[in-house]
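Notes for the one structure printed next.
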Amino acid sequence: MSKRVESLEDVTIRFAGDSGDGMQLVGGELANTSALIGNDIGVLPDYPAEIRAPIGTIPGVSGYQLHISSTDIHTPGEKYDSLIAMNPAALKTNLENLKPNGILIVNSDSFKSRNLQLARYESNPLEDGSLDKYQCFAVDMTDLTRKALRELELGNKVVDRCKNFFALGMVFWLYNRTMDHAVSLIKSKFAKKPELVEANLLALKAGAAYCEMTEQFINSYEVKPAKLKPGIYRNITGNSAIALGFIAAANRSKLSLFLGSYPITPASDILHDLSKYKHFGVRTFQAEDEIAAVCSAVGAAYNGALALTTTSGPGLALKGEAIGLAIMTELPMVIVNVQRGGPSTGLPTKTEQADLMQAFYGRNGESPLPIIAASKSSDCFESAYEACRIAIKYMTPVILLTDGYIANGAEPWSVPRVEDLAEIKVTYAKDPETYMPFLRDEKTLARPWAIPGTPGLEHRVGGLEKEADTGNVSYDVRNHEYMTKMRAKKVDNIANDIPPIEIDGDQEGELLVVGWGSTFGATKTAVDKKRQEGKSVSSIHIRYLNPLPNDLGDILKRFKKILVPEINSGQFVNILRAKYLVPAIPQNKVQGLPFFSSEIEEKIDELLGDA
Amino acid sequence: MATTVKEASNGDTQLKLTKKDFESDQEVRWCPGCGDYSILAQTQRSLPDLNIPKEKYVFVSGIGCSSRFPYYMDTYGFHTIHGRAPAIASGIKITNPDLSVWVITGDGDALSIGGNHFIHLLRRNLDINVILFNNKIYGLTKGQYSPTSEYGKVTKSSPFGSVDHPFNPASVAIGSGATFVARTMDRDPAHMQAIIKRASAHKGTSFVEVFQNCNIFNDGAWSKYTEKSTKQDNVVLLEHGKPLVFGTDKDKGIRLNGSTPEVVSLTNGKYSEADLLVHNENDTDSTHAFILSHMMDNPNLPAPIGIFRSLEKTCYENALNEQIDAAKEKFGEPDLQALLDAGDTWEVK
């Protein structure tokens, strides 16, 4: 039986099931396979904070959304072309964003009265006609998987856990994906349990075979490779890219890398990754709490190491005092805040950009520090590297902001060549004749880095205000004002050491959309589309949030209107308004999700009217 | 570490350092009569004997009167934030195990705001020396009760008497798995110097509690143990392998009645030294040390002074470095480009 293959420019697919159904695993595998085929991808893992909420309930639904494209894309997609729903709760929570006439594959075996009740369905949607506007495929996945695995004589409990790969097999057939990578994933993931290797491989193949055999599926689809810039690519999450960026910075600066960290969602993967790289001399210290984590990093920095601490919003709140100590003692370190929904414990697994003000001002006293934000998963490498460069060159703690969306999301990353990475030069003080702890470099205003073990440079530092040059404790009020200004000036000066802003679009016009952090993808997509429609709209994206680029003020004045989309209640917009006295307009969303490009498009339309 | 000392001293095994080499140019600003002066002096007197080059010492402190200590030592020093010295010292020791790292802290700094870091340092057993100045009061904030102040203590913040039950620092340390626990007094310079040297020699976290008098806000808190007239009857000196004997005429001893220590007379013919508790600082079971550390909580018993416990156990930084060495041996020289290019890659031409 030959079936028709239709070519698509791009497709958005969403897997949804119980937290224990393995949706993240198969979604991630489809992402990796698609990236290897050469597609551009955008990913949005969307899972609950509970490890296993009660089975079949709405809070227990875990989703994985994937945008696969034959062109350069910047978002995980918006409305999906296909939805794979493993139970009624998954259907209920995800159906809203399935396109009309979209493909809906459900595991009909799970649409029994108890599950329908848990999902608060009054009637079975598979039977009441409510799904008629979709191409609905009700597939007895549980039963079909059991039949396919019958000969292995495994218990039903084990067999039923393989149905995620049955579903993946169906999707692989539907979108003409090769199975090689999935096969090797199964082999390595279950290497210690050979019976599970066989079971999952059988389930995967059974899923594809089912689509091939049954009359239900007439069409399959393909998405051709994207035309990306030449280079070596790999698929990478933001957290993994950050870990690699730090290792690269340590390697290039010839410093030993130290991470003090305390596990916290969604930042823990950076700790996990760096803990693996012991052969690079990386020392990871899982501290007793967030405060000890940052303090151990302060100690490592004092000792001449490239020091890091990684956390999320609540952890940053706890680290504030120690970051102040690093500012006062002018020691280099990088603090990563993978932002999540707040305040307090908030939404641990959902994304938000609401810690910008905390990064700017979340410490006692006048305590400025550089702040850098990564724009997308693949940008996390360069942002981490750049944070290290600035920290070391200017002897200052640097805050690097990402968020749950880009930290867990993945996309193709053009792997850099080591020789192309910027130089990071480190000079430790050596000469007892000229050494003074707070004698600043004329150009960078950085103080010298004198590390314990160096003969003749024994000195004391601490959190008390110090006298200029000598670093001795000083309560002199004029000295305090001088030192306060010098600490600020040192940070402000970094504006002379960062690249000029690149304007995407015309250099002046009606509307400028200003983004920072993870709004990059949705903003770029929206602005590109509106420009193609002939609208006078440009965009800029700010990586260096403190100090802001020197040319920002001038650029803002060249546009009649300024729009600032943020996943918060309006934080960066207030900084722009205060600093540049421009009537920037906020666009805000705090739903634990990134912007859809359509939301920004609508705002652009609203602001431009018919212009 | 021994090898480095040798290198640094060019084969000359004895470094010629004196007390003066450890005195910084900063004016010491504790209240006249404060017990801290003695601890500073005993430390400066002890270090020359340790045969460690001066540049390898790092003194780390938190906040409180005691925590000004690093400013007065002509070594590397870090006066950090309240309670966090153990965590900062851990970062220092982990990134350079070759250094001799000392934490200077007080009863409030270590046991109140920094309690968490304190117990976890002891649990991990980094080779760091901790000296806790216990004056049973908050001095720098001018006289509030501390976590070691006695129940009912009247202070500015407890005008009706404190209703907090106090910590016993040595017991907390033993309970946290400390491998070296000792107690000494600001008024006993020779004993303190001996303890400082033993603490330094110990591989692993060394915890030293010092009875320290705050003559402004809690004067005489330890006088029962430190004054000549009362000391002999209220202090028992711990000596490894020896029975616990005390009293002006060495006429009293400590015997265990079940697991409860009690004072017995050695002169009434009922008990002899053979009946007494014999101190074993190397006992791997912490029960013995715990019983001893708690004796001072009983007003009828003398307070033991000396080393409660001294045990060998793997140090955190050594275990970590062994893992790193093993990984380097297994995976060879790190290749950054290979790391970046690892995993499933594809080429776009």
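Things worth noting here:
- So A:Leu204, is it surrounded by 22 or more Cβ atoms within 10 Å (Cβ to Cβ) and assigned to a helix (DSSP H, G or I): yes
- Of the criteria (1) surrounded by 24 or more Cβ atoms within 10 Å (Cβ to Cβ); (2) over 29 Å from A:Glu599 (Cβ atoms); (3) in contact with a Lys or Arg (Cβ under 7 Å, 6 or more places away or on another chain), which one A:Leu83 fails: (2)
- Among the numbered conditions (1) at pLDDT below 95; (2) outside any loop (DSSP other than H, G, I, E, B); (3) over 30 Å from A:Trp413 (Cβ atoms), the only one that A:Ile105 does not meet is (1).
- Cross-chain or 6+ apart pairs with Cβ under 8 Å, segment A:114-138 first and touching a residue at least 24 places away in the same chain (Cβ under 8 Å), then of a type in the set (Ser, Thr, Tyr) and surrounded by 14 or more Cβ atoms within 10 Å (Cβ to Cβ): A:Leu118/A:Thr57; A:Ala119/A:Thr57; A:Ala138/A:Ser108
- Count - residues of segment A:435-448 that are surrounded by fewer than 19 Cβ atoms within 10 Å (Cβ to Cβ) and either within 14 Å of chain B (Cβ to nearest Cβ) or not in a loop (DSSP other than H, G, I, E, B) (or both): 2
- Scanning segment B:201-227 for residues that are among the hydroxyl-bearing types (Ser, Thr, Tyr), under 13 Å from B:Asn129 (Cα atoms) and assigned to a helix (DSSP H, G or I) yields a count of 0.
- Screening B:Thr141 on (1) without any contact (Cβ under 8 Å) to a residue 12 or more places away in the chain; (2) crowded, with 20+ Cβ neighbours inside 10 Å shows it passes everything except condition (2).
- Restricting segment A:278-292 to residues that are facing another protein chain (nearest Cβ under 7 Å) and part of a helix (DSSP H, G or I), the residue that is surrounded by the most Cβ atoms within 10 Å (Cβ to Cβ) is A:Ala292.
- Qualifying residue in segment A:144-162 (condition: closer than 25 Å to A:Ile37 by Cα, within 32 Å of the chain's Cα centre (by Cα) and either modelled with pLDDT of 95 or more or in a strand (DSSP E or B) (or both)): yes
- Residue that is farthest from A:Arg460 (Cα to Cα), among those in segment A:293-322 that are surrounded by fewer than 24 Cβ atoms within 10 Å (Cβ to Cβ) and more than 11 Å from every other protein chain (Cβ to nearest Cβ): A:Pro314
- Residue selected from segment A:449-490 under the condition more than 12 Å from every other protein chain (Cβ to nearest Cβ) and of a type in the set (A, V, I, L, M, F, W, C), by the criterion nearest to A:Tyr428 (Cα to Cα): A:Trp449
- Meets criteria (aliphatic (A, V, I, L, M), surrounded by 24 or more Cβ atoms within 10 Å (Cβ to Cβ) and more than 8 Å from chain B (Cβ to nearest Cβ)) for A:Ala226: no
- Selected residue (criterion: farthest from the chain's Cα centre (by Cα)) from residues of segment A:488-539 that are in a helix (DSSP H, G or I) and acidic (Asp, Glu): A:Asp492
- Annotation: A:Ser275 fulfils all but one of (1) in a helix (DSSP H, G or I); (2) more than 8 Å from chain B (Cβ to nearest Cβ); (3) in contact (Cβ under 8 Å) with a residue 24 or more places away in the chain; the unmet one is (3).
- Just so you know, in segment B:50-72 the residues that are assigned to a helix (DSSP H, G or I) and within 7 Å of chain A (Cβ to nearest Cβ) include one that is surrounded by the fewest Cβ atoms within 10 Å (Cβ to Cβ), and it is B:Glu55.
- Tallying residues that are surrounded by fewer than 20 Cβ atoms within 10 Å (Cβ to Cβ) and not in a strand (DSSP E or B) within segment B:239-248 yields 6.
- Qualifying residue in segment A:360-373 (condition: in contact with a Leu (Cβ under 9 Å, 6 or more places away or on another chain), assigned by TED's automatic domain parsing to the domain that holds A:Pro455 and of a type in the set (Ser, Thr, Tyr)): no
- Of the criteria (1) among the charged types (D, E, K, R); (2) in contact with a Ser or Thr (Cβ under 6 Å, 6 or more places away or on another chain); (3) exposed (fewer than 12 other Cβ atoms within 10 Å of the Cβ), which one B:Asp251 fails: (3)
- Among the candidates A:Pro432, A:Pro416, the residue that is out of contact with any Asp or Glu (no Cβ under 6 Å at 6 or more places or on another chain) and either surrounded by 14 or more Cβ atoms within 10 Å (Cβ to Cβ) or on the phi > 0 side of the Ramachandran plot (or both) is uniquely A:Pro416.
- Filtered residues of segment B:106-121 (kept if more than 17 Å from B:Gln144 (Cα to Cα) and of a type in the set (Val, Ile, Thr)): B:Ile119
- Residues of segment A:574-611 that are crowded, with 21+ Cβ neighbours inside 10 Å and under 30 Å from A:Ala49 (Cα atoms): A:Gln587, A:Pro594, A:Phe595, A:Ser597, A:Ile600.
- A:Ser240 being in a helix (DSSP H, G or I) and of a type in the set (S, T, N, Q): yes
- Residue check: A:Leu316 meets all listed conditions (1) outside any helix (DSSP H, G or I); (2) of a type in the set (A, V, I, L, M); (3) more than 29 Å from B:Pro97 (Cβ to Cβ) but one, namely (1).
- Any hit, segment B:105-118, residues being surrounded by 24 or more Cβ atoms within 10 Å (Cβ to Cβ), within 30 Å of A:Leu255 (Cα to Cα) and among the β-branched types (Val, Ile, Thr): no
- The lone exception for B:Leu15 - which of (1) touching a residue at least 40 places away in the same chain (Cβ under 8 Å); (2) assigned to a loop (DSSP other than H, G, I, E, B); (3) more than 10 Å from chain A (Cβ to nearest Cβ) it fails: (1)
- Hits in segment B:297-329 (condition: at the interface with chain A (Cβ under 7 Å from one of its Cβ atoms) and not polar (S, T, N, Q)): B:Leu320, B:Ile324, B:Ala327, B:Lys328
- Spans of helices (runs of 4 or more DSSP H) in segment B:75-184 with at least 2 residues in contact with a helix residue (DSSP H, G or I) (Cβ under 8 Å, 6 or more places away or on another chain), of a type in the set (A, V, I, L, M, F, W, C) and within 14 Å of chain A (Cβ to nearest Cβ): B:85-95, B:115-124
- Candidate set: segment A:241-268, residues that are over 20 Å from A:Ala293 (Cβ atoms) and either touching a Lys or Arg at 6+ places or on another chain (Cβ under 7 Å) or not hydrophobic (A, V, I, L, M, F, W, C) (or both); chosen: the one nearest to the other protein chains (Cβ to nearest Cβ): A:Asn251
The values are calculated or read from the model by the stated rules, or taken from the named source; none is laboratory data. These figures come from a predicted structure and were not determined experimentally. Neighbour counts are summed over all protein chains in view; Cβ atoms, including those assigned to glycine, are modelled from backbone coordinates with ideal geometry.
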